[in-house]
Structures are given as structure tokens and as C-alpha cells.
1. Identify, by number, the condition in (1) at negative phi; (2) within 13 Å of the ligand (Cβ to nearest atom); (3) buried (at least 24 other Cβ atoms within 10 Å of the Cβ) that ILE87 doesn't meet.
2. Being of a type outside the set (Lys, Arg), away from the ligand (no atom under 16 Å from the Cβ), within 25 Å of the chain's Cα centre (by Cα) and within 30 Å of LEU195 (Cβ to Cβ) is true for just one of ALA70, ALA66. Which residue is that?
3. Which of the helices (runs of 4 or more DSSP H) found entirely inside region 294-390 contain at least 3 residues meeting this: touching a residue at least 60 places away in the same chain (Cβ under 8 Å)?
4. If you take the residues in region 216-233 that are in contact with a helix residue (DSSP H, G or I) (Cβ under 8 Å, 6 or more places away or on another chain) and surrounded by fewer than 17 Cβ atoms within 10 Å (Cβ to Cβ), which one is farthest from ARG56 (Cα to Cα)?
5. Does SER163 satisfy the criteria of being part of a helix (DSSP H, G or I), away from the ligand (no atom under 11 Å from the Cβ) and more than 28 Å from ARG228 (Cβ to Cβ)?
6. Return yes or no: is LYS168 part of a helix (DSSP H, G or I), surrounded by fewer than 16 Cβ atoms within 10 Å (Cβ to Cβ) and of a type outside the set (S, T, N, Q)?
7. Can you name every residue in region 232-264 that is touching a residue at least 40 places away in the same chain (Cβ under 8 Å) and among the basic types (Lys, Arg)?
8. Taking the options LYS160, LYS120, name whichever one is within 19 Å of the chain's Cα centre (by Cα) and basic (Lys, Arg).
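Here, each number is a calculation from the coordinates, and none is a lab measurement. Treat the numbers as computed from the prediction; the structure is a model and nothing was measured. Virtual Cβ from ideal backbone geometry, glycine too; neighbours counted across all protein chains shown.
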Amino acid sequence: MTNSHKPSAQAEHPLTLIPGPVEFTDEVLAAMATPSQSHVSPQFVEVFGDALALLRQLFFNTDKSAQGFAIAGAGTLGWDFVAANLIEPGEEALVLHTGYFADSFAECITTYGGKVTQLKAPIGDVVPLEDVESALMQKKFKLVTITHVDTSTGVLSDIKTLSALIRKVSPETLVIVDGVCSVGVEEIRFDDWDLDLVLTAPQKAIGVPAGLSIFIASGRAIDVFKTRKSPPTSYYASFAKWLPIMQNYEAKKPSYFSTPPVQNIHALLASLKQILSVPLEDRFAAHARMSDRIKSTIASYGLKQVAIREGYQAHGMTAVYLPEGVTLPELLPRIAKRGIVLAGGLHKAIATKYFRIGHMGVSVTDDDRHDFDKALAAIKESFGEAGYIC
Ligand SMILES: Cc1ncc(COP(=O)(O)O)c(C=O)c1O
């Protein structure tokens, strides 16, 4: 798949191929430079309304009882929205742990008074379905959180199967998905898979600079919020404040609770238009092909992935163990000298032992850029310099 290509208008810069932020298109960066505009002007209301409508398409959502949100903040703010609105102090949450980000989500829920049970997979693996089923049978959980792709390990969870299991065993439990490293690269059928809230951030596969908390909440989740016994436990991260604002903007009516980041919303609309200009299935397939290429090249270099189970490996990133005798400080600066920025490890238990490659967005979809020809060559040469011959 090739997006229309023209010489980039961007200043020369190192290729950022980490698991977010990713490279941005010229059109998105131009939208970030939109001159000042009132957040209640007809022009901006139109843009925000269109962005919220297109957001639904990214989640294959047509059920209007659900609502999309785009709010100044970051991916992390989505956790606060969940913890402050969908669970009340003293209620139980089940957190499925496939890496670093589950610990943080669990800490966020605890901060708002939720009681967390974590089911931890061995590093690089997923939690077995039987364990999820037996945990659900032991007590009533208000919600279950699943990290769709844990950015610290590259493990991909099967949210479709997990959601079906949760619905079968505990129909009222809300299914919450952290899609920060998956929305825009992995298939997510919000309505068909009966999900309750998927949260994300723009700087990964959505291809927009950081600065937004983006999520979609189901009608069921909104009803759970509306029937809370206690008020939401956050002022800013409150469905009570933001739900009418998002509904109004989507209906193209100006509305105010807190000033929206006008330029970021312009950039979101620009990116969503680009993403949705081809069928999403083609976008997912292009990412899957690139992921296969990177993972098989890494294997041909004699290197092992952190995510060990076939079929449960992310398509937008790859986490790779270093070979014996090569350290991160010996590798990453050599790759950087070749103009490519990769990421080090993040999972606390193995942080110094692996590195991460992000393969999301325009670097993948624009064949003419050859970003990964450059990256794979740089990795091979840098390992050679560090004394490991691929
Ligand atoms: C899976 C996952 N969840 C949540 C976050 C937090 O997002 P942010 O850094 O935008 O707050 C990240 C960030 O990388 C992430 O990868």
C-alpha cells in the first residue's frame, strides 16, 4: 500500500522508529500548524464533529449509544477516566497483566479506591483463558482491563476471545481495553466484540503528535456511569463533564467545559482522513506484512523476540532480546549514528536485556520511504560493529 508520495516538507531529522511517537505525515504536521481559531467557532466545531464521527469508523462502531471522546491529555488520562467513572471506591477490578502497562493501570485504579486483582502472565506470554475464567467465577468484578498490546513486551492479547469469555461468565462486568499501542494497527471491532471502553493515544498508530486522550465508551459503560451511587472521583476526568461536550461537538454544536487543543484536533482529523482513505483491513494487512518481515529478519539474525507465543505478537512493534555479549549502550548509539532512533527496554525485570522497534503508521504504509530497509540495515551493521555478526 502506498500513500501518495511527495518530497517531505519536514526538516531533516533522525527516523523515529520507536513504539510511539512515530513519524508523522506532512499533512498532519501542517494541521498542527493551523493558525489560531476559536474553539467554539463554526469552523472548529465542524472539524471536531468530523473527527469524532471518523473516530467511530476506526473502531467499526455504528451503535450510537456509544460515544467517542478526544480530550487534551495523554493515553494515561484514559486510565483516570476509567478509574474515576466506571468503578466506585471499594469495588473490584481484574487486571490482566502482559507487561509494564498493566501495573500502571492497576496503580491508577487503586489511586481512585478500586480494589485490584492482577493475573500476571510470565514475561512474553498471555494469561491463560482458564485462569481468567476461574478468577471471574470466584468474585464479582466491576470491570476487567486488558492491555491489547503491551508496549513493554510486544505481547498481543486476544481481546475478542477474552470479551466473549467475560460476557459468558460475568455478563455485567465491563470489558476495558488499553489500546494505546493497538488502535490503528490491530483489528478492534468495538460493537461486534461487545467491548465497553477502548482507550488510546494519538502518537502511535494514529500518527498524530502526543497531547490527546482518545477513547470510545459503550452505551453499557455510560449507563454504569449514570447509575453510580457516588459522584465521579475526578473533576477533569469526569464523564459528567465531558459526555455532553462530546455529544454536542459531534452534533456540530459549540460547547465548553475546558478548552480543547484546537490544533491537535485538526491534526487528528487530517490523520483519520488519511487512515480511512483505504479500507482498514488493507491497513492492518500492510502492518502485518511489515511485522512479519521484521520478525523474520530478526530471527534470521539469530535474535529472539520477547513475545514468545506465535499469534500473540503485536503487528506494530517488535521487542528483541540482545544476544549474549552486546549491551544497549553498545548498540543503540551505533544505530542512532546511522540516523535511526530505536527504543531500549521498558519491562522492569528485563529492561537492560532487550530493545524495541516500532513499526506503525506512515513508515509502514508509505512504501516509497523505505524506512525499514534503512532500519534493518542499520541494525545489522551496528551489531557487526559491536562484535555480533548477524
Ligand atoms: C500500552 C500503553 N498504555 C498506556 C500508555 C500511556 O500513554 P501516554 O504515554 O500517552 O500517557 C502507553 C504509553 O506508551 C502504552 O504504551
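1. (2)
2. Details: ALA70 fails: away from the ligand (no atom under 16 Å from the Cβ).
Answer to the check: ALA66.
3. Values: elements: 328-337, 362-365, 371-385.
So the answer is 362-365, 371-385.
4. Applying the filter and picking the extreme gives PRO231.
5. No: the conditions fail for SER163.
6. Numbers: part of a helix (DSSP H, G or I): yes; surrounded by fewer than 16 Cβ atoms within 10 Å (Cβ to Cβ): yes; of a type outside the set (S, T, N, Q): yes.
In short, yes.
7. LYS252, LYS253
8. Working: LYS120 fails: within 19 Å of the chain's Cα centre (by Cα).
That would be LYS160, the only listed residue that is within 19 Å of the chain's Cα centre (by Cα) and basic (Lys, Arg).
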